[in-house]
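Visitor: Before I ask anything, let me first share the structure, which is written out below as C-alpha cells.
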Amino acid sequence: MMKHKYGFTALLLLGLTLGTVLLAGILQSHAGRAARQEVLVVTSFYPVYIAAANVAGDCPGIRVQNLSEPQTGCLHDFQLTPEDMKLLSSADLFLVNGAGMESFLSDVKEAYPSLAIVETAKDLSISEDNGHVWMSIPRYRAQVAAIAEAICGAAPKFEREARANADAYDEMLLGLQTQQEAIAGATKGERIVSLHEAYAYLAADYGLEVVYELNLDEERQVGAKEVADALDAVRTKGARVILAEDVYGRALAETIQKEADVKVYYPDTLVRGDYAKDSYIDGMQNTINLLKEAFGE
Ligand SMILES: [Zn+2]
C-alpha cells in the first residue's frame with residue numbers, strides 16, 4: 001500500500017516537472033517571438049505551406065512553419081503528436097485546407113479554443129467530399145487569397161508586403177491558368193481512367209471525362225476485381241490515357257499498360273516536396289506539359 005502511495009507521489013512529481021518544463025518552453029517561445037515581434041503562422045500540410053510561404057515571402061516579421069513533414073503527403077490518416085500540439089500552442093494563426101482534409105481539426109479546436117484557424121477551402125465548391133481542391137488552379141488561387149487575408153489579419157504591420165507578395169504569386173498562377181484554358185479545347189471530352197481522387201479537379205478544369213476512377217492512396221490497396229474493372233474501362237470505354245499517382249498508382253498503371261494500348265501519366269498531386277517556394281508552380285507546369293503531350297496539342 002505504502003509502495004503504491006510513493007509510486008503515485010513520484011508520478012505526480014514527474015508530471016508536475018514535465019508540465020513545468022513544457023509551460024516554460026511555451027512561455028519562452030512566446031517571449032522570444034514577442035521580443036522579435038514575429039508572427040507565427042502554422043500550416044497543416046504541403047500545399048497550404050507553399051501558398052503561405054509565398055504570401056509571407058521574405059517578410060522578417062512572419063514565420064511560416066509546417067505541422068507535418070514535407071514528405072507526409074495528404075493528411076487523411078494523420079495523427080497529431082505532442083510536438084505538433086506544442087507548436088500549435090505558440091501559433092498566432094493556423095492555416096488549414098479544410099473540406100475534410102484535416103480530420104484532427106476538432107481536437108485542435110478543443111485544445112486551443114482561442115487559436116485563429118482559417119479553413120482556406122471553406123468557401124469553395126467541393127465536388128463529392130473531395131478535399132483535394134488545390135489541384136484546381138482557380139480554386140488554389142482562391143485559397144491563396146484567403147491565406148493573404150488571414151496573414152494580413154494576423155500581421156497587420158506587414159499587410160502591404162504580404163499583399164504585394166500575394167499579388168505577385170497570383171500573377172504566376174494566372175499564367176498557369178491561362179495555359180490551361182488554352183489547351184482545354186484539345187482536352188475537352190477526352191476519356192481517361194483516374195487512379196487518384198485528386199485528379200477529379202484536373203478532369204473538371206480540363207473537361208476530361210473520367211470513365212473509371214479508383215482512389216489509390218495510403219488507405220487503399222488494389223484487389224483483383226479492381227484490376228479487372230480498370231482494364232475493362234480502358235478496353236471498352238475508350239480511355240486512351242491513365243492518370244496515376246506516382247507512389248500509390250504506379251503498380252496498377254503498369255499492370256494495365258502491359259495488357260492494353262494506353263498511355264500513363266503521373267501528374268504531381270502537389271502534397272510532397274522539398275519546400276521549394278515554386279513547387280506548386282513547377283508541379284502544375286509539369287502537369288500542363290504532360291496533358292499537352294497526352295492529348296496532342
Ligand atoms: Zn489525398
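The values are calculated or read from the model by the stated rules, or taken from the named source; none is laboratory data. From a predicted model like this one, the values you see are computed outputs, not experimental measurements. When we count neighbours, we look across all protein chains shown, and the Cβ atoms used for this are built from the backbone with ideal geometry, even at glycine.
Visitor: Give me a count of the residues in segment 243-297 that are within 23 Å of VAL55 (Cα to Cα), among the small types (Gly, Ala, Ser) and surrounded by 18 or more Cβ atoms within 10 Å (Cβ to Cβ).
Guide: The number of residues fulfilling the criteria is 3.
Visitor: Considering only segment 265-286, state which residues are more than 16 Å from the ligand (Cβ to nearest atom) and closer than 19 Å to GLY131 by Cα. Don't jump to the end; show me each part of the working.
Guide: We begin by selecting, within segment 265-286, every residue more than 16 Å from the ligand (Cβ to nearest atom); these are 265, 274-279, 281-282, 284-286.
Result: MET284, single match.
Visitor: Tell me, which residue of segment 176-192 that is in contact with an Asp or Glu (Cβ under 9 Å, 6 or more places away or on another chain) and more than 9 Å from GLY207 (Cα to Cα) is surrounded by the most Cβ atoms within 10 Å (Cβ to Cβ)?
Guide: Going through the qualifying residues, I end up with ILE192.
Visitor: Also, I was wondering about something else. Looking only at segment 188-200, decide whether some residue is within 16 Å of the ligand (Cβ to nearest atom) and assigned by TED's automatic domain parsing to the domain that holds PHE45. Spell out the reasoning first.
Guide: In the first step, residues of segment 188-200 are kept if they are within 16 Å of the ligand (Cβ to nearest atom); the result is 194-200.
From what is left, the residues that are assigned by TED's automatic domain parsing to the domain that holds PHE45 are none.
No, there is no match, as no residue in segment 188-200 is within 16 Å of the ligand (Cβ to nearest atom) and assigned by TED's automatic domain parsing to the domain that holds PHE45.
Visitor: Which condition does LEU270 not pass, out of (1) outside any loop (DSSP other than H, G, I, E, B); (2) within 24 Å of the chain's Cα centre (by Cα), if it passes all the others?
Guide: Checking LEU270 against (1) outside any loop (DSSP other than H, G, I, E, B); (2) within 24 Å of the chain's Cα centre (by Cα), the one that fails is (1).
Visitor: So, VAL144, is that one within 16 Å of the ligand (Cβ to nearest atom) and within 18 Å of VAL55 (Cβ to Cβ) or not?
Guide: Numbers: within 16 Å of the ligand (Cβ to nearest atom): no; within 18 Å of VAL55 (Cβ to Cβ): yes.
Answer is no for this residue.
Visitor: Please enumerate the residues belonging to segment 63-77 that are β-branched (Val, Ile, Thr) and either within 16 Å of the ligand (Cβ to nearest atom) or assigned to a loop (DSSP other than H, G, I, E, B) (or both). Walk me through it before giving the result.
Guide: Just the residues of segment 63-77 that are β-branched (Val, Ile, Thr), to begin with: 64, 72.
Selection gives THR72 alone.
Visitor: OK, next. With the structure loaded, tell me whether ASN54 is in contact (Cβ under 8 Å) with a residue 40 or more places away in the chain and away from the ligand (no atom under 16 Å from the Cβ) or whether it fails that test.
Guide: Here the answer is yes, as ASN54 does meet what is asked.
Visitor: Only one of these is within 15 Å of the ligand (Cβ to nearest atom), in contact with a Leu (Cβ under 8 Å, 6 or more places away or on another chain), charged (D, E, K, R) and not in a helix (DSSP H, G or I): GLU128, GLU102. Name it.
Guide: Details: GLU128 fails: in contact with a Leu (Cβ under 8 Å, 6 or more places away or on another chain).
Unique residue meeting the criteria: GLU102.
Visitor: Within segment 137-154, how many residues turn out to be crowded, with 23+ Cβ neighbours inside 10 Å and of a type in the set (Gly, Ala, Ser)?
Guide: 1
Visitor: Given (1) under 27 Å from the mean Cα position of the chain (by Cα); (2) outside any helix (DSSP H, G or I); (3) closer than 19 Å to GLU293 by Cβ; (4) free of Cβ contacts under 8 Å to residues at least 40 places away in the same chain, where does GLN221 come up short, assuming only one miss?
Guide: (3)
Visitor: Mind telling me which of the residues GLU171, GLU219 ends up being surrounded by fewer than 13 Cβ atoms within 10 Å (Cβ to Cβ) and within 16 Å of the ligand (Cβ to nearest atom)?
Guide: Working: GLU171 fails: within 16 Å of the ligand (Cβ to nearest atom).
The unique qualifying residue is GLU219.
Visitor: While we're looking at this one, here's another question. Would a scan of segment 104-119 turn up a residue that is closer than 20 Å to ASP268 by Cβ and not assigned by TED's automatic domain parsing to the domain that holds TYR280? So that I can check it myself, show each step before the final result.
Guide: Step one: of segment 104-119, the residues closer than 20 Å to ASP268 by Cβ are none.
No, segment 104-119 has no match at all.
Visitor: Continuing with this model, one more query. Take the conditions of a type in the set (Asp, Glu) and within 21 Å of ALA56 (Cβ to Cβ) and apply them to GLU102. Does it pass? Give the derivation first.
Guide: Details: of a type in the set (Asp, Glu): yes; within 21 Å of ALA56 (Cβ to Cβ): yes.
Criteria met by GLU102.
Visitor: For the condition over 18 Å from LEU75 (Cα atoms) and either assigned to a strand (DSSP E or B) or within 16 Å of the ligand (Cβ to nearest atom) (or both), what is the one hit in VAL211, VAL227?
Guide: VAL211
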